[in-house]
């Protein structure tokens, strides 16, 4: 049995640590974490750190998300079967694969990454799996999401300075976006005549590149 005071050494122990800390509560997210092992999405030289609850460098100043933070954001996002999802700052594509697992085969998940070397790394990671509902796109300078599309869910994995109105426009009515703004995570729910905001302070992210 996993000891609360020890460092996780396996994927199962990592998942148990997230459950012990009350950040992982949804069985579907647990199932996705089991299937898409974090170790498969990090550079081989950092394999020994795979299950530590900390971000890990993946090149070009970018990191793979801390497991606690990603689990927290996925719980807020409340992905539903068949959702159309945008994953901004897809990086290693760990979050992209998890989103695809949560939304199922009838969904459409689009990763968006601005660093070419990181985009190549993440795209290669996705090739380990059969994910016909996923594509990973290389963004261009100044690109904010996919302006001609509408999404049920948007996950952003890098910190913006202010809440992006452009990304809010890309949410469908009833859609949810989870986005870091400075040192807080915000959950934005788009209603027909307004948006609802929930703020969760005390987090740290790499800055969003545009």
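Considering 86, 76, the condition of being under 12 Å from the mean Cα position of the chain (by Cα), modelled with pLDDT of 95 or more and surrounded by 23 or more Cβ atoms within 10 Å (Cβ to Cβ) is satisfied by 86 alone.
So for segment 16-24 (the condition being under 23 Å from residue 167 (Cβ atoms) and part of a helix (DSSP H, G or I)), does at least one residue qualify? No - not one qualifying residue is present in segment 16-24. Applying the condition of being surrounded by 13 or more Cβ atoms within 10 Å (Cβ to Cβ) and over 21 Å from residue 96 (Cα atoms) to segment 11-49 and asking which residue is modelled with the lowest pLDDT yields 21. Would you mind stating whether residue 144 is crowded, with 22+ Cβ neighbours inside 10 Å, in contact with a helix residue (DSSP H, G or I) (Cβ under 8 Å, 6 or more places away or on another chain) and either within 24 Å of residue 190 (Cα to Cα) or modelled with pLDDT of 95 or more (or both)? The answer is no for residue 144.
The values are calculated or read from the model by the stated rules, or taken from the named source; none is laboratory data. What you see is a predicted model; the values in this text were computed from it and never measured. Note that each Cβ is placed from the backbone with ideal geometry, even for glycine, and that neighbours are counted across all protein chains shown.
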